[in-house]
Every structure is written in C-alpha cells, then in structure tokens.
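Nothing in this text is a laboratory measurement; each read-out follows from the coordinates by a stated rule. Quick caveat: nothing in here was measured; it's all calculated off a predicted structure. Please note: Cβ atoms are built from the backbone with ideal geometry, for glycine as well, and neighbour counts cover all protein chains shown.
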Amino acid sequence: MEQNAQIIEATPKRLDDARAFEGVLTRRVVAFLIDYLFIGLLILPVGLIIAVAGLLTFGLGWLLFAIIGPLVALSYIALTLGGERQATPGMRIAGVRMERLDGRSMDGLLAVVHTVMFWAFNTLLTPLILLVSWFTEGKRTLHDVLLGTFVVRDDGPAS
C-alpha cells in the first residue's frame with residue numbers, strides 16, 4: 001500500500017496532460033520503422049568489420065554473424081534511448097521521447113530491457129501487447145507498465 005502511494009507521488013504531472021499523449025501510438029510505430037531502417041543500415045558496416053575479422057581469425061570471427069542483428073540493435077538502443085535525450089533517432093524524428101514514472105533518466109540497461117521485453121511479449125502475445133495501451137493511463141504498452149516508463153510527445157525545439 002505504501003509503495004503504491006510512493007508511485008502515485010512520483011508520477012509526473014505530465015502524465016495528467018492528455019496533449020502529451022495525442023498521436024503517441026502512431027508516432028511510436030513510425031519511430032520503430034525509422035529505427036529499424038537505421039539499424040539495418042548499421043548492420044552493413046558492422047558486417048564488413050566481421051567479415052574482415054573472420055579473415056584475420058581464420059573464420060572464427062565469422063561466428064559473430066549469428067548475432068549481428070541483436071548486437072547492433074541492442075547497442076543502438078542502449079546508446080540512444082539510454083542516452084541523454086531519452087529517445088532513439090527514430091523517436092526524435094517522430095517527435096516522442098521516453099520517460100520514467102520515478103522521474104529519473106533512462107539508462108542503457110533499462111532501454112535494453114525495455115526492448116527485450118517488447119520483443120518477448122510481441123513474440124508471445126503478438127499485437128495484443130498494443131491493446132493494453134487502449135486501456136492504460138498515458139497509452140502505455142504492457143512493457144511500459146511493467147517497467148515504469150511512458151512515452152510522450154516531444155515537439156519542442158531540439159536541444
């Protein structure tokens with residue numbers, strides 16, 4: 001009971017502002033598509049590095065090709081969503097950012113856990129994880145609720 005009171009106290013005032021959530025779900029989808037385009041483009045130079053490493057290690061380095069996608073994607077997420085702006089490049093283009101209920105900044109580990117939970121729940125529950133957002137305050141998805149995060153519009157000038 002006391003823990004719930006602390007969470008309610010820590011909930012940012014911005015969560016009460018409906019304007020902060022207008023169009024957030026659509027913007028999240030757009031951000032996702034943009035980010036995965038960027039990740040796909042980043043895989044190309046990393047793949048070239050792995051190819052050269054494989055030649056230098058007599059083929060041993062080529063084992064990294066098995067994990068190149070997750071390696072690049074999770075690094076991208078940790079460095080961008082877990083960074084100072086609390087948004088990936090796709091999120092910045094789409095005009096959204098992620099925040100925490102406790103008011104602290106996102107960190108790389110939380111960003112990676114958020115992404116892993118998204119893919120795990122998406123694999124298990126298909127698009128049902130998005131239905132949760134229709135019934136939660138601030139249009140939060142299932143993994144947002146479990147991790148104490150939310151996504152808001154960030155239409156202000158880029159800093």
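The ratio of the alpha-carbon radius of gyration of the chain to the globular-protein estimate 2.2 N^0.38 Å is 1.18.
Once the dipole of the chain is set up with Lys and Arg at +1 and Asp and Glu at -1 on Cβ about the Cα centre, which of 58, 32, 130 lies farthest towards its positive end? The residue sitting farthest along the positive end of the dipole is 58.
As a rough footprinting exposure proxy, the listed residues 134, 119 were ranked by other beta carbons within 10 Å of their own, and the order from fewest upward is 134, 119.
Using only DSSP helix segments of four residues or longer, with each worth -39500 (n - 2.57), what per-residue ellipticity at 222 nm results for the chain after dividing by its residue count and rounding to 500? Walk me through the numbers on the way to the answer.
Working: 7 runs with 89 residues, N = 159.
Estimated from H runs of four or more residues: -17500 deg cm²/dmol.
Count neighbours as other Cβ atoms within 10 Å of each site's Cβ, and list the trypsin sites (Lys or Arg not before Pro) in the range 11-105 that are DSSP loop with at most 11 such neighbours. Working shown, then result.
Numbers: sites: 13, 14, 19, 27, 28, 85, 92, 97, 100, 104; in loops: 85, 104.
Answer in residue order: 104.
Test of understanding: in a Gaussian network model of the chain with alpha carbons linked when under 10 Å, which of 113, 29, 52 would top the mean-square fluctuation ranking? Highest fluctuation of the listed residues: 52.
Hey, fewest Cβ within 10 Å first, where do 144, 102 land in order? Walk me through the numbers before you get to the answer.
Details: 144 24, 102 13.
Lowest count first: 102, 144.
Show me the helices of the chain, taken as full DSSP H stretches, that run 30 Å or more along their long axis by Cα and average -0.5 or above in Kyte-Doolittle hydropathy. Could you put the intermediate results ahead of the total?
Details: long enough: 24-56 (47 Å, 2.16).
Membrane-span-like by this rule: 24-56.
Nearest 20 debye, what's the magnitude of the dipole of the chain about its Cα centre given +1 on Lys and Arg Cβ and -1 on Asp and Glu Cβ?
Details: 13 positive and 14 negative charges, 66 e Å.
Here the size comes out at about 320 debye.
Here the spin labels are modelled as points 7 Å beyond Cα on the Cα-Cβ line, and at residue 19 and residue 131 they lie 3.4 nm apart.
Multiplying the sequence separation of residue 104 and residue 66 by 0.36 nm and subtracting their Cα-Cα distance, what value in nm do you get? List each step's numbers first, then the result.
Values: separation 38, 0.36 × 38 = 13.68 nm, distance 3.51 nm.
Full-extension gain reported as 10.2 nm.
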